1. Test each condition in (1) free of Cβ contacts under 8 Å to residues at least 40 places away in the same chain; (2) within 25 Å of residue 29 (Cβ to Cβ) for residue 105 and report the one that comes out false.
2. Restricting the search to the stretch 136-149, which residues are under 24 Å from residue 86 (Cα atoms) and not in a strand (DSSP E or B)?
3. Find the residue count for the stretch 14-29, including only residues that are among the hydroxyl-bearing types (Ser, Thr, Tyr) and either touching a Pro at 6+ places or on another chain (Cβ under 7 Å) or closer than 20 Å to residue 97 by Cβ (or both).
4. Report, by residue number, each residue of the stretch 90-119 that is among the charged types (D, E, K, R) and buried (at least 23 other Cβ atoms within 10 Å of the Cβ).
5. If you check 120, 135, 91, which single one turns out to be under 18 Å from residue 36 (Cβ atoms), without any contact (Cβ under 8 Å) to a residue 60 or more places away in the chain and either β-branched (Val, Ile, Thr) or out of contact with any Asp or Glu (no Cβ under 9 Å at 6 or more places or on another chain) (or both)?
6. Scanning the stretch 3-17 for residues that are at pLDDT below 95 and over 15 Å from the mean Cα position of the chain (by Cα), which turns out surrounded by the most Cβ atoms within 10 Å (Cβ to Cβ)?
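The values are calculated or read from the model by the stated rules, or taken from the named source; none is laboratory data. This is a predicted model, so every value here is computed, not measured. Cβ placement follows ideal geometry from the backbone for every residue including glycine, while neighbour counts extend to all protein chains displayed.
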Amino acid sequence: MQDLAKPEILLAQLAEQITTTLNDRAIAQPLMVGIHTGGVWVAEYLHQALKLDEPLSTLDISFYRDDFSRIGMNPKVKPSQLPPHVDDRHIVLVDDVMHTGRTIRAAMNELFDYGRPASIVLAVLVERNGRELPIRPDVAALQLELKPEQHIKLTGPQPLQLVLT
């Protein structure tokens, strides 16, 4: 295993990219939603860096996954914490690593069960190759080309580290 770039630097870059994107789209008070587990760690940093007023929301997409038959049920299912309605809200959806797009699809399915957002800005710490669905992040701090047998993971929460296996 090898460690990658310092996550603190990538997190600062991601916060800057999100600020620019929100300003460009004239979005003033977004709802930030982190996907368990690594996405929540990233979202906690971003939520503070962007000085958002509304509490950070979280999603556990375990029940929305389409790969139960391959990976089984996650024994550490955590409750999602969202406001009762997301109708007409601008959402910043945060994950740590985007690979196939399936996690993001599951997260959006869950969000739409709560209502119809006005928009979703997708922010990821790392975007890697290997997309299976036509989903792309709006902002990513790092893009990686990895071999199919390689994987990247954010470990943490203290300290946060990107590890390539």
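1. (2)
2. 136, 137, 138
3. Looking only at the stretch 14-29, we keep the residues that are among the hydroxyl-bearing types (Ser, Thr, Tyr), and these are 19-21.
Now restrict to residues that are either touching a Pro at 6+ places or on another chain (Cβ under 7 Å) or closer than 20 Å to residue 97 by Cβ (or both): 21.
Residues flagged as among the hydroxyl-bearing types (Ser, Thr, Tyr) and either touching a Pro at 6+ places or on another chain (Cβ under 7 Å) or closer than 20 Å to residue 97 by Cβ (or both) within the stretch 14-29 amount to 1.
4. Within the stretch 90-119, the first condition is being among the charged types (D, E, K, R), and the residues that meet it are 95-96, 102, 105, 110, 113, 116.
Listed by number, the residues that qualify are 95, 96.
5. On inspection, the qualifying residue turns out to be 120.
6. The extreme case among them is 4.
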